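> Got a structure for you, written out below as structure tokens; questions coming shortly.
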Amino acid sequence: MASKRPAWIQRILLPELESIRGELKAVNARMDALKISMEEVDRRLTSQIQSLRNEMIAKFEAVNSRIDSLEKRLDVAERLAVIEAKLREHDEILKKIT
């Protein structure tokens, strides 16, 4: 089959085609390496994002806990204010009686 090709193709075109084939193999190898690198970056980013997500959830839970604590304190403060008002009323009534 090689004998059916014209001599100029064998001398000029075939070496160029082989050169292009070699360059394509090198490009494919670089693309494969880049794909592997990108997959590693993706894994690291996914891990870091998950870590940040977990950290944010923990911080939100801490803030929610503080808010709950403040709400309880406010409820106690409101009850105390009511009790103090009632005590003042009783003091005034006692002053009127005595």
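> Could you check how many percent of all C-alpha pairs in segment 2-97 are farther apart than 19 Å? List each step's numbers first, then the result.
Values: 3473 of 4560 pairs.
Percentage above 19 Å: 76.
> Then there's this: Taking the Cα-to-Cβ direction at Arg5 and at Asp68 and moving 7 Å from each Cα, how far apart do the two end points lie in nm?
The modelled label-to-label distance comes out at 7.9 nm.
> Based on the Cβ-Cβ distance of Arg79 and Ile57, what FRET efficiency does E = 1/(1 + (r/R0)^6) give at R0 = 41 Å, to the nearest 0.05?
Using R0 = 41 Å, I get an efficiency of 0.80.
> Rounded to the nearest 500, what is the 222 nm mean residue ellipticity of the chain from helices alone, with -39500 (n - 2.57) per DSSP H run of 4+ residues and division by all residues? Before the final figure, lay out each step's value.
Details: 1 runs with 84 residues, N = 98.
Computed mean residue ellipticity for the chain: -33000 deg cm²/dmol.
> On C-alpha positions alone, give me the angle between the axis of helix 14-97 and the longest principal axis of the chain, in degrees, nearest 10.
Here the helix axis deviates by roughly 0 degrees.
Readers should treat all values here as calculations from the given coordinates under stated rules, not as data from a laboratory. Small disclaimer: the values here were computed from a predicted structure and weren't measured. Using ideal geometry, Cβ is built from the backbone for each residue, glycine included, and neighbour counts are taken over all protein chains shown.
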